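K.L.:
Have a look at this one.
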Amino acid sequence: MGRLWDKLSGTKYPHGGVAPLAPLEVRGALLALNAPDVPFRVRNALPAEKADLVAECQIRRVGVRLKTRMRLLSDTQEVRFLHERWENRSSDDAHAQYGRGHAPAVYRQWEKEQRPGGKRRGVEAFRFDTREMTDPLQNTVLGAGWTWRGVFKL
């Protein structure tokens, strides 16, 4: 059941031959992902978040907020992560949906475009794939020689 559980939780292992970095170097590499052109922000976690680092992304255009809490475990050289997602596609906060766990998703918005001859067609006006946030985090951890282990509770 190990491989199945790894697939369900999003766990990935580093390639063989990659020397594991020290915990402070892994933390630094994750914090270094912050840049003006990335759609998310990595920060130190607050005590109530029960993590070491948190990556957050707010996609106001489609009413989605993503958060990945990460705990760095130096004894096993792994980063345990928990993905969380809040979706609120209406103005009523009471109808917001919460989900957690490994579940890649793509959010899109479409607009109607009038073509020559009067025909209308849908054109993708906006697209966001949650992997735009999770892949850089995962690749950084794996590149540091650490395991990226998905959990359902931190």
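K.L.:
Hey, could you check the range 103-121 for residues that are open to solvent by less than 100 Å² (accessible area, probe 1.4 Å) and either of a type in the set (Val, Ile, Thr) or closer than 30 Å to residue 5 by Cα (or both) and say which is modelled with the highest pLDDT?
P.N.:
This residue is 106.
K.L.:
Looking at residue 80, is it surrounded by fewer than 19 Cβ atoms within 10 Å (Cβ to Cβ), basic (Lys, Arg) and not in a loop (DSSP other than H, G, I, E, B)?
P.N.:
Working: surrounded by fewer than 19 Cβ atoms within 10 Å (Cβ to Cβ): no; basic (Lys, Arg): yes; not in a loop (DSSP other than H, G, I, E, B): yes.
Judged against the criteria, residue 80 is not a match.
K.L.:
Considering only residues that are over 18 Å from residue 127 (Cα atoms), in contact (Cβ under 8 Å) with a residue 60 or more places away in the chain and open to solvent by less than 50 Å² (accessible area, probe 1.4 Å), which ones fall in the range 52-71?
P.N.:
Quick first cut of the range 52-71, residues over 18 Å from residue 127 (Cα atoms) only: 52-55, 67-71.
Right, trim to in contact (Cβ under 8 Å) with a residue 60 or more places away in the chain and you get 55, 68-71.
55, 68, 69, 70, listed by residue number.
K.L.:
Check off (1) part of a helix (DSSP H, G or I); (2) farther than 19 Å from residue 152 by Cβ for residue 138 and give me the number that stays unchecked.
P.N.:
Only one criterion in (1) part of a helix (DSSP H, G or I); (2) farther than 19 Å from residue 152 by Cβ is unmet by residue 138, namely (2).
K.L.:
Could you grab me the full set of residues in the range 26-51 that are within 18 Å of residue 148 (Cα to Cα), aliphatic (A, V, I, L, M), open to solvent by 20 Å² or more (accessible area, probe 1.4 Å) and assigned to a helix (DSSP H, G or I)?
P.N.:
29, 31
K.L.:
Right, here's the next one. Looking at 127, 149, 121, 108, which is the one that is over 11 Å from the mean Cα position of the chain (by Cα), part of a strand (DSSP E or B) and without any contact (Cβ under 8 Å) to a residue 12 or more places away in the chain? Talk me through it step by step, then tell me what you get.
P.N.:
Working: 127 fails: without any contact (Cβ under 8 Å) to a residue 12 or more places away in the chain; 149 fails: without any contact (Cβ under 8 Å) to a residue 12 or more places away in the chain; 108 fails: without any contact (Cβ under 8 Å) to a residue 12 or more places away in the chain.
The conditions single out 121.
K.L.:
If you don't mind, there's one more thing I want to ask. Going through the range 3-25 one residue at a time, which ones are under 21 Å from residue 104 (Cβ atoms) and open to solvent by less than 50 Å² (accessible area, probe 1.4 Å)? Break it down into steps so the answer makes sense when it comes.
P.N.:
Initially, the range 3-25 is screened for residues under 21 Å from residue 104 (Cβ atoms), giving 3-14.
Answer for the range 3-25, where residues must be under 21 Å from residue 104 (Cβ atoms) and open to solvent by less than 50 Å² (accessible area, probe 1.4 Å): 6, 9, 10, 11, 14.
The values are calculated or read from the model by the stated rules, or taken from the named source; none is laboratory data. Predicted, not measured: the structure shown is a model, and the values here were computed from it. Positions of Cβ are backbone-derived with ideal geometry, glycine not excepted, and every protein chain shown enters the neighbour counts. Accessible surface is based on the protein model in full, side chains and every heavy atom, while ligands, DNA and RNA are left aside. Shrake-Rupley method; radii C 1.70, N 1.55, O 1.52, S 1.80 Å.
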